[in-house]
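Q: One structure coming up, written as C-alpha coordinates, with questions to follow.
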Amino acid sequence: MRVLIVEDEPYLAEAVRDGLRLEAIAADVAGDGESALELLSIHSYDLAVLDRDIPGPSGDEVARRIVASGSGIPILMLTAADRIDDKASGFGLGADDYLTKPFELRELVLRLRALDRRRAHARPPVREIAGLRVDPFRREVFREGRYVALTRKQFAVLEVLVAAEGGVVSAEELLERAWDENADPLTNAVRITVSALRKRLGEPWIIATVPGVGYRIGTGPDPTASDPTASDPTASGPTASPTHGSGIDAPPSDRPGTTGARSVRPHTTRPGPTRPGRTDA
(Lines give C-alpha, C1' and ligand atoms only; values in the text may rest on other atoms or scores of the structure.)
Protein backbone atom coordinates (compact mmCIF):
# COMPACT_ATOMS: atom_id res chain seq x y z
CA MET A 1 0.00 0.00 0.00
CA ARG A 2 1.29 3.49 -0.86
CA VAL A 3 -0.11 6.57 0.85
CA LEU A 4 0.23 10.30 0.24
CA ILE A 5 0.35 12.37 3.44
CA VAL A 6 -0.54 16.03 2.96
CA GLU A 7 0.52 17.82 6.15
CA ASP A 8 2.24 21.18 6.66
CA GLU A 9 3.65 20.44 10.14
CA PRO A 10 7.01 18.78 9.32
CA TYR A 11 7.49 16.94 12.61
CA LEU A 12 3.98 15.50 12.57
CA ALA A 13 4.27 14.54 8.89
CA GLU A 14 7.59 12.77 9.47
CA ALA A 15 6.27 10.97 12.55
CA VAL A 16 3.23 9.70 10.64
CA ARG A 17 5.37 8.68 7.65
CA ASP A 18 7.85 6.77 9.84
CA GLY A 19 5.03 5.11 11.79
CA LEU A 20 3.34 3.94 8.60
CA ARG A 21 6.61 2.55 7.26
CA LEU A 22 6.88 0.40 10.39
CA GLU A 23 3.52 -1.07 9.35
CA ALA A 24 4.81 -1.86 5.83
CA ILE A 25 2.92 1.10 4.35
CA ALA A 26 4.98 3.22 1.96
CA ALA A 27 4.28 6.92 2.48
CA ASP A 28 5.23 10.16 0.73
CA VAL A 29 4.85 13.60 2.30
CA ALA A 30 3.64 16.86 0.72
CA GLY A 31 3.84 20.02 2.82
CA ASP A 32 1.45 22.10 0.73
CA GLY A 33 -1.34 21.77 -1.80
CA GLU A 34 0.84 22.45 -4.82
CA SER A 35 3.31 19.70 -3.90
CA ALA A 36 0.42 17.34 -3.22
CA LEU A 37 -1.11 17.89 -6.65
CA GLU A 38 2.28 17.44 -8.29
CA LEU A 39 2.90 14.12 -6.52
CA LEU A 40 -0.62 12.94 -7.39
CA SER A 41 0.06 13.66 -11.05
CA ILE A 42 3.30 11.62 -11.00
CA HIS A 43 2.64 8.65 -8.71
CA SER A 44 -0.17 6.15 -8.23
CA TYR A 45 -1.42 6.21 -4.64
CA ASP A 46 -3.74 3.80 -2.90
CA LEU A 47 -4.87 6.36 -0.30
CA ALA A 48 -4.53 10.07 0.51
CA VAL A 49 -4.35 11.53 4.03
CA LEU A 50 -5.25 15.23 3.89
CA ASP A 51 -4.91 18.04 6.37
CA ARG A 52 -7.48 20.68 5.42
CA ASP A 53 -5.52 23.75 6.55
CA ILE A 54 -2.39 23.73 4.37
CA PRO A 55 -0.59 26.41 2.28
CA GLY A 56 -1.30 26.77 -1.43
CA PRO A 57 -4.41 25.03 -2.67
CA SER A 58 -6.16 23.97 0.53
CA GLY A 59 -6.79 20.40 1.57
CA ASP A 60 -10.40 20.92 0.51
CA GLU A 61 -9.27 21.91 -2.99
CA VAL A 62 -6.93 18.92 -3.20
CA ALA A 63 -9.86 16.69 -2.23
CA ARG A 64 -11.99 18.25 -4.97
CA ARG A 65 -9.25 17.63 -7.55
CA ILE A 66 -8.86 13.99 -6.48
CA VAL A 67 -12.60 13.38 -6.78
CA ALA A 68 -12.80 15.22 -10.11
CA SER A 69 -9.92 13.18 -11.54
CA GLY A 70 -11.96 9.99 -11.27
CA SER A 71 -8.97 8.12 -9.85
CA GLY A 72 -11.05 6.68 -7.04
CA ILE A 73 -8.31 7.29 -4.45
CA PRO A 74 -9.92 7.08 -0.99
CA ILE A 75 -9.44 10.22 1.11
CA LEU A 76 -8.94 10.33 4.86
CA MET A 77 -9.07 13.86 6.27
CA LEU A 78 -6.71 14.25 9.23
CA THR A 79 -7.37 17.66 10.72
CA ALA A 80 -7.87 19.73 13.86
CA ALA A 81 -11.28 20.90 12.57
CA ASP A 82 -13.40 18.75 14.88
CA ARG A 83 -16.86 20.35 14.80
CA ILE A 84 -19.71 18.34 13.37
CA ASP A 85 -20.16 20.99 10.65
CA ASP A 86 -16.48 20.59 9.69
CA LYS A 87 -16.94 16.85 9.39
CA ALA A 88 -20.14 17.28 7.37
CA SER A 89 -18.40 19.60 4.90
CA GLY A 90 -15.40 17.25 4.67
CA PHE A 91 -17.57 14.28 3.79
CA GLY A 92 -19.46 16.52 1.38
CA LEU A 93 -16.19 17.21 -0.46
CA GLY A 94 -15.67 13.49 -1.00
CA ALA A 95 -13.77 12.34 2.10
CA ASP A 96 -14.15 8.64 2.82
CA ASP A 97 -13.09 8.96 6.45
CA TYR A 98 -12.40 11.72 8.95
CA LEU A 99 -9.96 11.66 11.89
CA THR A 100 -9.39 14.62 14.19
CA LYS A 101 -6.16 15.71 15.90
CA PRO A 102 -4.78 14.66 18.32
CA PHE A 103 -4.97 11.03 17.29
CA GLU A 104 -3.37 7.65 17.91
CA LEU A 105 -1.17 6.30 15.13
CA ARG A 106 -2.64 2.83 15.61
CA GLU A 107 -6.13 4.17 14.91
CA LEU A 108 -4.88 5.86 11.75
CA VAL A 109 -3.34 2.57 10.57
CA LEU A 110 -6.56 0.67 11.27
CA ARG A 111 -8.62 3.22 9.36
CA LEU A 112 -6.22 3.15 6.39
CA ARG A 113 -6.34 -0.63 6.21
CA ALA A 114 -10.13 -0.56 6.38
CA LEU A 115 -10.24 1.95 3.50
CA ASP A 116 -7.84 -0.18 1.49
CA ARG A 117 -10.00 -3.27 1.98
CA ARG A 118 -13.06 -1.30 0.95
CA ARG A 119 -11.25 -0.02 -2.15
CA ALA A 120 -10.40 -3.59 -3.13
CA HIS A 121 -13.81 -4.97 -2.22
CA ALA A 122 -13.91 -7.06 -5.42
CA ARG A 123 -11.03 -9.16 -4.08
CA PRO A 124 -11.30 -11.31 -0.96
CA PRO A 125 -9.49 -9.93 2.13
CA VAL A 126 -7.41 -13.12 2.27
CA ARG A 127 -5.79 -13.85 -1.08
CA GLU A 128 -4.78 -17.32 -2.21
CA ILE A 129 -2.75 -18.27 -5.26
CA ALA A 130 -0.50 -21.22 -6.13
CA GLY A 131 -0.51 -22.58 -2.59
CA LEU A 132 0.10 -19.17 -1.02
CA ARG A 133 -2.31 -17.68 1.50
CA VAL A 134 -1.74 -13.97 2.18
CA ASP A 135 -3.69 -12.13 4.86
CA PRO A 136 -3.01 -8.37 4.46
CA PHE A 137 -4.88 -7.43 7.62
CA ARG A 138 -3.06 -9.84 9.95
CA ARG A 139 0.18 -9.54 7.96
CA GLU A 140 0.45 -13.32 7.73
CA VAL A 141 1.69 -15.57 4.94
CA PHE A 142 1.26 -19.33 4.67
CA ARG A 143 2.57 -21.65 1.98
CA GLU A 144 0.93 -25.04 1.79
CA GLY A 145 -0.18 -24.53 5.39
CA ARG A 146 3.32 -23.57 6.60
CA TYR A 147 3.73 -20.14 8.21
CA VAL A 148 6.34 -17.97 6.50
CA ALA A 149 7.94 -15.12 8.45
CA LEU A 150 8.66 -12.10 6.23
CA THR A 151 10.17 -8.68 6.74
CA ARG A 152 7.94 -5.66 6.21
CA LYS A 153 9.42 -4.92 2.79
CA GLN A 154 9.22 -8.55 1.66
CA PHE A 155 5.55 -8.62 2.66
CA ALA A 156 4.88 -5.38 0.75
CA VAL A 157 6.48 -6.82 -2.40
CA LEU A 158 4.57 -10.10 -2.05
CA GLU A 159 1.28 -8.17 -1.65
CA VAL A 160 1.83 -6.45 -5.00
CA LEU A 161 2.75 -9.72 -6.76
CA VAL A 162 -0.21 -11.62 -5.31
CA ALA A 163 -2.61 -8.79 -6.18
CA ALA A 164 -1.52 -9.15 -9.82
CA GLU A 165 -3.02 -12.69 -9.73
CA GLY A 166 -0.28 -14.27 -11.83
CA GLY A 167 0.29 -11.23 -14.03
CA VAL A 168 3.75 -9.83 -14.59
CA VAL A 169 4.83 -6.91 -12.40
CA SER A 170 7.83 -4.89 -13.54
CA ALA A 171 10.67 -3.93 -11.23
CA GLU A 172 9.70 -0.30 -11.76
CA GLU A 173 6.13 -0.97 -10.61
CA LEU A 174 7.36 -2.83 -7.54
CA LEU A 175 9.59 0.11 -6.70
CA GLU A 176 6.62 2.44 -7.23
CA ARG A 177 4.18 0.40 -5.12
CA ALA A 178 6.33 -1.00 -2.29
CA TRP A 179 8.85 1.82 -1.79
CA ASP A 180 8.41 5.58 -1.45
CA GLU A 181 9.55 8.55 -3.52
CA ASN A 182 13.00 8.57 -1.89
CA ALA A 183 13.89 5.21 -3.44
CA ASP A 184 16.67 5.42 -6.01
CA PRO A 185 15.25 4.30 -9.40
CA LEU A 186 18.67 2.78 -10.22
CA THR A 187 18.84 0.77 -7.00
CA ASN A 188 19.01 -3.01 -6.96
CA ALA A 189 16.76 -3.13 -3.89
CA VAL A 190 13.97 -4.82 -5.85
CA ARG A 191 16.22 -7.63 -7.08
CA ILE A 192 17.69 -8.17 -3.60
CA THR A 193 14.26 -8.16 -1.92
CA VAL A 194 12.73 -10.55 -4.46
CA SER A 195 15.72 -12.90 -4.12
CA ALA A 196 15.39 -12.93 -0.32
CA LEU A 197 11.61 -13.38 -0.62
CA ARG A 198 12.09 -16.42 -2.87
CA LYS A 199 14.35 -18.03 -0.29
CA ARG A 200 11.89 -17.32 2.54
CA LEU A 201 9.04 -18.91 0.60
CA GLY A 202 11.18 -21.97 -0.12
CA GLU A 203 11.38 -24.47 -2.95
CA PRO A 204 10.04 -25.02 -5.49
CA TRP A 205 10.56 -21.34 -6.29
CA ILE A 206 7.20 -19.71 -6.72
CA ILE A 207 8.27 -16.26 -7.92
CA ALA A 208 9.14 -16.48 -11.59
CA THR A 209 11.41 -14.05 -13.40
CA VAL A 210 10.20 -13.00 -16.84
CA PRO A 211 13.40 -11.86 -18.57
CA GLY A 212 13.30 -8.25 -19.65
CA VAL A 213 9.82 -7.73 -18.19
CA GLY A 214 9.51 -8.36 -14.46
CA TYR A 215 8.28 -10.89 -11.92
CA ARG A 216 5.14 -12.93 -11.38
CA ILE A 217 3.75 -15.53 -9.04
CA GLY A 218 4.20 -18.80 -10.91
CA THR A 219 1.23 -21.16 -10.97
CA GLY A 220 3.19 -24.01 -12.51
CA PRO A 221 6.74 -25.19 -13.25
CA ASP A 222 8.81 -22.34 -14.61
CA PRO A 223 12.52 -22.71 -15.39
CA THR A 224 13.06 -18.95 -15.05
CA ALA A 225 12.31 -19.24 -11.33
CA SER A 226 14.84 -22.02 -10.73
CA ASP A 227 17.50 -19.71 -9.33
CA PRO A 228 16.63 -17.51 -6.34
CA THR A 229 19.60 -15.26 -7.06
CA ALA A 230 18.61 -14.48 -10.65
CA SER A 231 19.55 -11.01 -11.79
CA ASP A 232 17.19 -8.09 -12.30
CA PRO A 233 14.87 -8.96 -15.22
CA THR A 234 15.14 -5.45 -16.59
CA ALA A 235 18.92 -5.45 -16.64
CA SER A 236 20.73 -6.09 -19.90
CA GLY A 237 23.50 -8.63 -20.05
CA PRO A 238 24.36 -12.18 -21.05
CA THR A 239 21.56 -14.70 -20.95
CA ALA A 240 21.87 -17.18 -18.11
CA SER A 241 22.37 -20.81 -18.98
CA PRO A 242 19.81 -23.34 -17.71
CA THR A 243 22.19 -24.51 -14.99
CA HIS A 244 23.62 -21.16 -13.91
CA GLY A 245 21.46 -18.12 -13.15
CA SER A 246 24.31 -15.64 -12.91
CA GLY A 247 24.97 -15.36 -16.64
CA ILE A 248 28.65 -16.17 -16.10
CA ASP A 249 30.16 -19.12 -17.91
CA ALA A 250 30.85 -22.05 -15.62
CA PRO A 251 34.45 -23.11 -15.00
CA PRO A 252 35.56 -26.29 -16.79
CA SER A 253 34.97 -28.42 -13.70
CA ASP A 254 31.29 -27.40 -13.60
CA ARG A 255 30.46 -27.71 -17.28
CA PRO A 256 28.16 -30.57 -18.31
CA GLY A 257 30.00 -33.55 -19.74
CA THR A 258 33.21 -33.09 -17.74
CA THR A 259 34.46 -35.29 -14.96
CA GLY A 260 35.03 -32.48 -12.52
CA ALA A 261 38.74 -33.38 -12.22
CA ARG A 262 41.39 -30.81 -13.04
CA SER A 263 43.10 -31.42 -16.40
CA VAL A 264 46.74 -32.53 -15.87
CA ARG A 265 49.30 -33.15 -18.59
CA PRO A 266 51.11 -36.52 -18.39
CA HIS A 267 54.65 -36.18 -17.04
CA THR A 268 57.31 -36.91 -19.66
CA THR A 269 60.90 -37.58 -18.68
CA ARG A 270 63.32 -36.03 -21.10
CA PRO A 271 66.35 -38.20 -22.02
CA GLY A 272 69.59 -36.94 -20.52
CA PRO A 273 72.82 -36.39 -22.49
CA THR A 274 74.66 -39.55 -23.72
CA ARG A 275 78.03 -40.12 -22.11
CA PRO A 276 80.94 -40.54 -24.53
CA GLY A 277 81.99 -44.12 -25.26
CA ARG A 278 78.69 -45.57 -24.20
CA THR A 279 76.11 -47.06 -26.49
CA ASP A 280 72.53 -47.96 -25.85
CA ALA A 281 71.69 -51.63 -25.60
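Q: So which residues in the range 135-163 are among the aliphatic types (A, V, I, L, M) and either under 22 Å from Glu203 (Cβ atoms) or without any contact (Cβ under 8 Å) to a residue 40 or more places away in the chain (or both), if there are any at all? Give the derivation first.
A: Narrowing the range 135-163 to residues among the aliphatic types (A, V, I, L, M): 141, 148-150, 156-158, 160-163.
Once the filter is applied, which keeps residues that are among the aliphatic types (A, V, I, L, M) and either under 22 Å from Glu203 (Cβ atoms) or without any contact (Cβ under 8 Å) to a residue 40 or more places away in the chain (or both), the range 135-163 yields Val141, Val148, Ala149, Leu150, Val157, Leu158, Val160, Leu161, Val162.
Yes/no matrix, rows are residues, columns are (1) of a type in the set (Lys, Arg); (2) surrounded by 13 or more Cβ atoms within 10 Å (Cβ to Cβ); (3) modelled with pLDDT of 90 or more:
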residue	(1), (2), (3)
Leu186	no, no, no
Ala189	no, yes, no
Ala196	no, yes, yes
Arg200	yes, yes, yes
Ala208	no, yes, yes
Gly214	no, yes, yes
Ser236	no, no, no
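Q: Quick one: which helices (runs of 4 or more DSSP H) sit completely within the range 1-80 and have at least 2 residues that are open to solvent by 10 Å² or more (accessible area, probe 1.4 Å) and of a type in the set (Lys, Arg)?
A: Values: elements: 10-22, 33-42, 59-69.
In the range 1-80, 10-22, 59-69 are the helices (runs of 4 or more DSSP H) which contain 2 or more residues that are open to solvent by 10 Å² or more (accessible area, probe 1.4 Å) and of a type in the set (Lys, Arg).
Q: Out of the residues in the range 18-51 that are more than 18 Å from Ile66 (Cα to Cα) and touching a residue at least 24 places away in the same chain (Cβ under 8 Å), state the one that is farthest from the chain's Cα centre (by Cα).
A: At the first step, the residues of the range 18-51 found to be more than 18 Å from Ile66 (Cα to Cα) are 18-26.
With the extra rule that they be touching a residue at least 24 places away in the same chain (Cβ under 8 Å), the set shrinks to 19-26.
On the way: Gly19: 18, Leu20: 15, Arg21: 13, Leu22: 15, Glu23: 14, Ala24: 10, Ile25: 11, Ala26: 10 Å.
Across the range 18-51, the extreme among qualifying residues is Gly19.
Q: Kindly evaluate Asp97 against the criterion of being under 22 Å from Phe137 (Cβ atoms) and without any contact (Cβ under 8 Å) to a residue 40 or more places away in the chain. Steps first, please.
A: On the way: under 22 Å from Phe137 (Cβ atoms): yes; without any contact (Cβ under 8 Å) to a residue 40 or more places away in the chain: yes.
So Asp97 fits the description; yes.
The values are calculated or read from the model by the stated rules, or taken from the named source; none is laboratory data. Bear in mind the structure is a predicted one, so any value in this text is a computation, not a measurement. Here Cβ is always computed from backbone atoms with ideal geometry, including for glycine, and neighbour counts include all displayed protein chains. What goes into the accessible areas is simple: the full protein's heavy atoms, side chains included, and nothing from ligands, DNA or RNA. Shrake-Rupley method; radii C 1.70, N 1.55, O 1.52, S 1.80 Å.
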